[in-house]
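Have a look at the structure below, then the notes.
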Amino acid sequence: MQLNPYLFFNGQCEAAFKFYEQCLGGKIVSLMTYGESPMAEQTPPEQLNKIMHVLLCVGDQELMGSDAPPEMFEQPKGFYVSLQFNDPVEAERIFKTLAENGTVRMPLQQTFWADRFGMLVDQFGTPWMINCGQAS
């Protein structure tokens, strides 16, 4: 079994995933718009260029997403996408990049369980937790 986050956006999916691709050092390996899908004829014209499905691979991890139909979109709540790091410098770089034009909920800092831990909501509304474990 593989467990993967699937993120929904309100029309910003392509911009978000291009940002995540750059920030996380991954690669978008699949991207399909509603207009490119077999559902194109049933799709409202304003939704044709929106993303029906995107897959970003970062190492052996996958992050997926799409633009929700406007009547079905809900702001993310009740979860965070958690990123785990061994290198505090890399954790700081990713935190700083994801926080650009977003909202820091907890600054990246040392805690009793981690060398670095912080929480933020990025400019696209996705909540992230960054954790860098303590050196043994």
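Could we say that T43 is of a type in the set (S, T, Y) and either under 15 Å from the mean Cα position of the chain (by Cα) or at positive phi (or both) here? No. I'd like to check something: does segment 124-134 contain any residue that is surrounded by fewer than 14 Cβ atoms within 10 Å (Cβ to Cβ), over 15 Å from the mean Cα position of the chain (by Cα) and without any contact (Cβ under 8 Å) to a residue 12 or more places away in the chain? There is no residue in segment 124-134 that is surrounded by fewer than 14 Cβ atoms within 10 Å (Cβ to Cβ), over 15 Å from the mean Cα position of the chain (by Cα) and without any contact (Cβ under 8 Å) to a residue 12 or more places away in the chain. Among the residues of segment 35-53, some residue qualifies, meaning at least one is in contact with a Cys (Cβ under 8 Å, 6 or more places away or on another chain) and of a type outside the set (K, R). For V29, indicate whether it is in contact with a helix residue (DSSP H, G or I) (Cβ under 9 Å, 6 or more places away or on another chain) and either at pLDDT below 95 or in the same structural domain as A15 (by TED's automatic domain parsing) (or both). So V29 fails the test.
Among the residues of segment 28-45, is there at least one that is under 25 Å from R93 (Cβ atoms) and not small (G, A, S)? Checked against the condition, which is being under 25 Å from R93 (Cβ atoms) and not small (G, A, S), segment 28-45 yields at least one hit. Checked against (1) assigned to a strand (DSSP E or B); (2) touching a Phe, Trp or Tyr at 6+ places or on another chain (Cβ under 9 Å), F117 passes all but a single condition, namely (2). Are there strands (runs of 3 or more DSSP E) fully within segment 1-107 with at least 3 residues that are buried (at least 17 other Cβ atoms within 10 Å of the Cβ)? List them. Of the strands (runs of 3 or more DSSP E) lying wholly inside segment 1-107, those with at least 3 residues that are buried (at least 17 other Cβ atoms within 10 Å of the Cβ) span 6-9, 51-58, 61-67. Filtering segment 79-102 to residues that are within 15 Å of the chain's Cα centre (by Cα) and either farther than 22 Å from E21 by Cβ or acidic (D, E) (or both) leaves only E100. Just one of the listed residues (L63, L55, L98) is among the aliphatic types (A, V, I, L, M), within 20 Å of P5 (Cα to Cα), in contact (Cβ under 8 Å) with a residue 12 or more places away in the chain and not assigned by TED's automatic domain parsing to the domain that holds L24, and it is L98.
The values are calculated or read from the model by the stated rules, or taken from the named source; none is laboratory data. What you see is a predicted model; the values in this text were computed from it and never measured. Note: ideal-geometry Cβ built from the backbone for every residue, glycine included; neighbour counts use all protein chains shown.
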